[in-house]
1. How many nm is it between the label spots at Arg7 and Ala59, if each spot is 7 Å from the Cα in line with the beta carbon?
2. Sequence gap at least 6, Cα distance under 8 Å: using those rules, report the relative contact order of the chain to the nearest whole percent.
Amino acid sequence: PRVVFVRPDGTKQEADASDGASVMQAATANLVPGIVAECGGELSCATCHVFVDEQWLGALPARSEDEEEMLEATSEEPTDASRLCCQITLDASLDGIVVHIPKTQK
Ligand code: FES
């Protein structure tokens, strides 16, 4: 599935990943700036914070309690659209998902 990353300046970068990969893995494999993913997907760093595009929010399962907790540690104030993108697993239903990179993470 494809993931569209939108940088704080509005530039878009598209990344391709396999089914079962996370949005974070799509970002790091394609060197998308701003997704540091320090903990490698262990839900303990909050440096993979993204804002999911409104259109795609409904397509995602709810955040887990652990994710909610870690979202309190992001560098940019989280909103209802906030996710830690190592927790978003890609499949065909998410092909083309659009996520925005927080400006504090460029
Ligand atoms: Fe560390 Fe997602 S990569 S919380």
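1. 2.4
2. Relative contact order, the chain: 42 percent.
We did not get these values from a lab; they are worked out from the coordinates using the rules stated. Since the model is a prediction, treat every value here as computed from it, not as a measurement. All Cβ positions, glycine included, derive from the backbone under ideal geometry; neighbour counts span all protein chains shown.
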